[in-house]
Amino acid sequence: MPDPLISFRKVRKAFGQKVVYAGLDLDVFRGEVLTIVGGSGVGKSVMLKMLIGLLRADSGNISFDGQDVTGMKESELSLVRQRIAMLFQGAALFDSLTVGENVAYGLEEHFRATMNSTQREERVAWALGLVGLPGIELMRPSDLSGGMRKRVGLARAIAVQPEVLLYDEPTTGLDPINTARVNHLITGLQEKLHITSIVVTHDMKSVFQISDRVAMVHSGRIICVGSVDEFQASKDARVADFIAGRAPVQESVEALLSS
C-alpha cells in the first residue's frame with residue numbers, strides 16, 4: 001500500500017457540547033476518488049474544512065503530503081490552498097462578479113505575482129472549456145441555471161490546477177441530467193488531470209458510480225472504509241441500513257418519542 005497523500009489521525013472536533021469527531025482516522029491515497037458518506041449533521045463537510053484550515057481541529061493530526069496542516073499559520077495554509085481546491089455546496093459564486101471574474105478569483109489570490117492578465121484569461125477559458133461551458137465569461141451568476149452554477153464553481157476550483165479537489169455535496173439540488181454531468185466531470189477530471197478527489201455526498205447512486213473507495217462517518221468516527229464492493233458487502237448493520245435508506249430501530253423509536 002502506498003503512503004497516503006492525506007491522513008487524519010485521532011482528530012477531535014467539537015462545537016460547544018456537540019462532539020463532531022471523537023477520534024477521526026482516515027487515509028486518502030494519491031489519484032483516488034474517495035467518497036465520504038453518513039447521516040446529516042455527522043460532520044462530513046467539517047472534515048473537508050479542517051483539511052484546508054477553514055476550521056481548526058481541537059486535537060489530533062491532519063497531514064497533507066507529509067506536512068502537518070493542524071499547526072500551520074495562515075500564510076502556510078495559503079500555500080496548501082494552492083494545491084487543494086474546494087467546490088462548496090451551492091457553488092458559492094459571487095453575484096457581483098462575472099463568471100470570468102469568479103473563475104479567476106483563486107488565480108488573483110494565489111498567482112497575482114506570477115500570472116499576467118492574459119495568462120489568467122487563458123486559464124479561465126481553459127477551465128470553463130473543461131466543464132463544458134466555453135465562452136460564458138461575461139455572463140452573471142444570476143443568469144445561470146443551478147447546474148451551470150455548479151460547473152462554474154468547479155471551473156473556479158480547477159483553474160488553480162490543484163492536486164486535490166474537495167467536493168461538498170456536488171449534486172445536491174440538481175436534476176438527473178445535471179447530476180450525471182457532474183459525476184462525469186468528477187471522474188473525467190481525475191483521469192485527465194490525475195487529481196485526487198474527496199467527495200461528500202448523500203447520493204448513493206453517485207457514490208457507486210464515481211468512487212474508488214467509500215468511507216462512512218458515524219458517531220464521530222469512520223466505521224467502514226473500502227472499495228465500493230467491500231462497502232456494499234459490509235456486515236455492519238449501520239452501513240447496510242444507510243445504503244438501504246433505513247433508520248436504525250433505536251433511532252426510529254427515539255424520533256417517534258420526541259415528535
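The single residue among Ser63, Ser75, Ser96 that is farther than 20 Å from Gln161 by Cβ, out of contact with any Gly (no Cβ under 9 Å at 6 or more places or on another chain) and part of a helix (DSSP H, G or I) turns out to be Ser75. The number of residues in the stretch 8-41 that are more than 22 Å from Thr201 (Cβ to Cβ) and touching a strand residue (DSSP E or B) at 6+ places or on another chain (Cβ under 7 Å) comes to 6.
Within the stretch 225-244, being hydroxyl-bearing (Ser, Thr, Tyr) and touching a Gly at 6+ places or on another chain (Cβ under 9 Å) holds for one residue alone: Ser234. If you go through the stretch 135-150 and pick out every residue that is loosely packed, with under 12 Cβ neighbours inside 10 Å and in a loop (DSSP other than H, G, I, E, B), you end up with 3.
Residues that are over 23 Å from Arg140 (Cα atoms), of a type in the set (A, V, I, L, M), touching a helix residue (DSSP H, G or I) at 6+ places or on another chain (Cβ under 7 Å) and surrounded by fewer than 17 Cβ atoms within 10 Å (Cβ to Cβ) do not occur anywhere in the stretch 76-95. Quick one: is Ser227 surrounded by 17 or more Cβ atoms within 10 Å (Cβ to Cβ) and closer than 23 Å to Phe29 by Cβ? Answer is no for this residue. Of all the listed residues (Lys49, Lys10), the sole one being surrounded by fewer than 19 Cβ atoms within 10 Å (Cβ to Cβ), under 17 Å from the mean Cα position of the chain (by Cα) and within 29 Å of Val228 (Cβ to Cβ) is Lys49. In the set (1) surrounded by 15 or more Cβ atoms within 10 Å (Cβ to Cβ); (2) under 15 Å from the mean Cα position of the chain (by Cα), Leu24 fails one condition alone, (2). Exactly one residue out of Leu128, Leu93, Leu144 is within 21 Å of His194 (Cβ to Cβ) and in contact (Cβ under 8 Å) with a residue 12 or more places away in the chain: that is Leu128. Look at the stretch 2-18: where a residue is of a type outside the set (Lys, Arg) and a partner is surrounded by 17 or more Cβ atoms within 10 Å (Cβ to Cβ) and in a loop (DSSP other than H, G, I, E, B), sitting 6+ places away or on another chain with Cβ atoms under 7 Å, you get Val11/Ala57.
Restricting to the stretch 96-125, name every residue that is in contact (Cβ under 8 Å) with a residue 12 or more places away in the chain and hydroxyl-bearing (Ser, Thr, Tyr). Listed by number, the residues that qualify are Thr98, Tyr105. Inspection of the stretch 154-174 finds no residue satisfying the criterion of being of a type outside the set (Val, Ile, Thr), surrounded by fewer than 17 Cβ atoms within 10 Å (Cβ to Cβ) and free of Cβ contacts under 8 Å to residues at least 24 places away in the same chain. Note on the stretch 99-134: residues that are charged (D, E, K, R), over 25 Å from the mean Cα position of the chain (by Cα) and surrounded by 14 or more Cβ atoms within 10 Å (Cβ to Cβ) amount to 1.
Quick note: the coordinates plus some simple rules give every number you see, no bench work behind them. The shown structure was predicted, so the numbers you read here are calculated from the model rather than taken from an experiment. Here the Cβ is made from the backbone with ideal geometry for all residues, glycine too, and neighbour counts use every protein chain on show.
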